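Read the structure below first, then the notes.
The values are calculated or read from the model by the stated rules, or taken from the named source; none is laboratory data. Because the structure is a prediction, the values reported are computed rather than measured. Glycine gets a Cβ as well: all are built from the backbone with ideal geometry, and neighbour counts include every protein chain shown. Accessible surface areas use protein heavy atoms only, side chains included; no ligands, DNA or RNA. Shrake-Rupley method; radii C 1.70, N 1.55, O 1.52, S 1.80 Å.
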Amino acid sequence: MRRRTFDVIASTIGLGLAALLIVAGGLLTWANSFVDNQVHDQLAAQKVFFPPKGSESLNELKGADHAAIAKYAGQQLTTGPQAEAYANHFIAVHLKGIGGGKTYAELSAAAMKDPTNQKLQGQVATMFKGETLRGLLLNAYAFGKMSTIAGIAAIAAFVGSGLMLVLGGLGLWHAHRVPAEQEVLAGKTARSAKPAPAIAG
């Protein structure tokens, strides 16, 4: 294959990939913005706030739980990372205290065996509400994380498209500079074949 033909084909493929990456980057950017806005709007509508600094509910948290909640003290819960912190370091801690370390499933099973135990029934109801809220917040966190990943992928797609555009342009530029007769992988310009000597009759 002629080198010029090869360069044109390779460059055209590169430019096509650049166009594809631009489209992918645009879609990923849209996904990032859409999901991020949805997570924010849905969480903001719930009007959940972190306990303020110095409050009893904040001071009773210890170690990693306190550190995770204290950095958002007094703020409204509107982001995925905030939802994860509130679910795993605030609600989960209180549910552990309410349930005595037992899960909702364990308490529910015990409550079905002892339906007249009002204290146990109250624990089950509270645990159900708490675990439901915790699950919803963790879903918001998961979608928020997907939004972040989409944003990173969008940046990578745009960088890749830029690289392909540069390489494709250089390829076309090179195609017009090589001799028309040069073959791919050939060190020198192909020479025309000499005619075979005539055989004496």
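Some observations on this one:
- Test result for VAL124, over 27 Å from TRP30 (Cα atoms) and either β-branched (Val, Ile, Thr) or at pLDDT 95 or above (or both): yes
- Subset of region 86-119 (residues that are in contact (Cβ under 8 Å) with a residue 24 or more places away in the chain and among the small types (Gly, Ala, Ser)): ALA87, ALA92, GLY99
- Within region 104-134, the set of residues being among the hydroxyl-bearing types (Ser, Thr, Tyr) and either open to solvent by less than 50 Å² (accessible area, probe 1.4 Å) or more than 36 Å from the chain's Cα centre (by Cα) (or both) comprises SER108, THR116.
- Boolean, ALA67 is open to solvent by less than 50 Å² (accessible area, probe 1.4 Å) and in a helix (DSSP H, G or I): no
- Apart from one condition, ALA142 fits all of (1) at pLDDT below 95; (2) part of a helix (DSSP H, G or I); the exception is (1).
- Here SER55 fulfils each of the conditions (1) open to solvent by 60 Å² or more (accessible area, probe 1.4 Å); (2) without any contact (Cβ under 8 Å) to a residue 60 or more places away in the chain; (3) not hydrophobic (A, V, I, L, M, F, W, C) apart from (1).
- Filter result (surrounded by 15 or more Cβ atoms within 10 Å (Cβ to Cβ) and farther than 28 Å from ALA87 by Cβ) within region 135-161: ALA157, PHE158, GLY160, SER161
- Total residues in region 90-136, condition among the polar types (S, T, N, Q) and in a loop (DSSP other than H, G, I, E, B): 3
- Residue list for region 7-35, restricted to those being crowded, with 16+ Cβ neighbours inside 10 Å and over 12 Å from LEU172 (Cβ atoms): LEU17, ALA18, LEU21, ILE22, ALA24, GLY25, LEU28, THR29, ALA31, ASN32, VAL35
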